[in-house]
Amino acid sequence: MTTLDEAPPWEPPEARGGATDVQIVLEVNRNRGVSGGAVLDAPEEVESVWGAGQRCLWAKGEPLIVCGPEGVGKTTLAQQLVLHLTGTLSGGFLGLPVQVTGKVLYLACDRPSQAMRSFRRMVTESDRQNLDERLTIWRGPLPFDLAKNPTGLVTLAHYFGVDKVVVDSLKDVAADLSKEEAGLGLNMAFQHAVAEGIECAGLHHQRKQQSGAGKPNHLADVYGSRWITAGAGSVVMMWGEAGDLIVDFDHLKQPAETVGPLKVIHDHLNGISTIAESVDAWTVVRNATKGVTATGAAMVLYSEPAPTRNSIEKARRQLERLTREGKVHRRDGAKGGRNGENAAMYFPLSVIDGGQQ
């Protein structure tokens, strides 16, 4: 990748007759400008911090936001993710691999004593050296408002020598997130960070539920300015009652395919979260020996008796990926029917191989 480092070296303002503030800032950030041919070096598939292929919960260069009410295990989940990022915990997390690279800064701004006790349940004395080398924990509120100082996240990361920052939680690093200015400032903080190669994730809350309202399942249900989620690559909603052992895990915004929906079970005593129930497109097709359409798959995947067009298309994308991967066989249907839909059928290859084509 060709950068603009070939430009003349920077000189102090007095040496060039006085540079403007903008010129100075551009010099400091000159590595962000690249030649047009750099697009040919960009990966064709999404690269994951947490995920694999098209099943990605946290994409490189795209912030992750995990939302939900109090007590559903957001901190428990985030801390396990951090320990996987540092290599303290091994193996996949919630069925997906986690990339172990660099160092992590965990901003325990919300009830830091409780956060430390939660971490303690997940590790042993044998983990001390790795934790000292790979993890830094900030306890308590930041000494500045991140929305008003959007380069502050980059400064923090550079100060502690980390390349990943997990914020627990967003309400503690920026005031009045319901205001557009605060949302824009916080989004700018994340964008500055990812532009410098610093991966970001944050915990947040949903809007206050109205009486009789169902489970929040839209980006509009996330509390605060719309700009908070606008700059995120992935948004997850965890839902349940405080202290529930099993909670819903819904992928509201995706960098690629939708992951889940999942049921996550929390072992609060030991700080371990696992998938209690996982229904994906492969599970649906595998159990459909007579085949299944995208509409039928959406009914199961999203628990919708009459799935929306959006749900059907999400299911279809997953089925098409499985077809490309050679895991299922697609039999095209004739045009026609409701809305002229092509009712293609998808079969597990074991059925095709068994002569039931």
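The values are calculated or read from the model by the stated rules, or taken from the named source; none is laboratory data. Bear in mind that the values here come from a model prediction, so they are computed numbers and not experimental data. Ideal geometry is used to build each Cβ from the backbone, glycine not excepted, and the neighbour counts take in all protein chains shown.
One table, with the values for the structure above:
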item	result
Of all residues making up the range 228-251, the number that are surrounded by 19 or more Cβ atoms within 10 Å (Cβ to Cβ) and outside any strand (DSSP E or B)	6
The lone exception for A294 - which of (1) touching a residue at least 60 places away in the same chain (Cβ under 8 Å); (2) under 13 Å from M345 (Cα atoms); (3) touching a Lys or Arg at 6+ places or on another chain (Cβ under 9 Å) it fails	(1)
Extreme residue, nearest to L131 (Cα to Cα), among residues of the range 71-82 that are part of a loop (DSSP other than H, G, I, E, B) and either among the small types (G, A, S) or not assigned by TED's automatic domain parsing to the domain that holds G183 (or both)	G73
Yes/no for S225 being of a type in the set (G, A, S), at pLDDT 90 or above and part of a strand (DSSP E or B)	no
Selection from the range 279-321 of residues that are in a loop (DSSP other than H, G, I, E, B), buried (at least 16 other Cβ atoms within 10 Å of the Cβ) and of a type in the set (G, A, S)	A288, G291
Residues that are touching a helix residue (DSSP H, G or I) at 6+ places or on another chain (Cβ under 7 Å) and buried (at least 20 other Cβ atoms within 10 Å of the Cβ), drawn from the range 94-109	V98, V104, L105, Y106, A108, C109
Residue satisfying condition, being closer than 16 Å to D267 by Cβ and out of contact with any Phe, Trp or Tyr (no Cβ under 8 Å at 6 or more places or on another chain), within set G73, G87, G92	G73
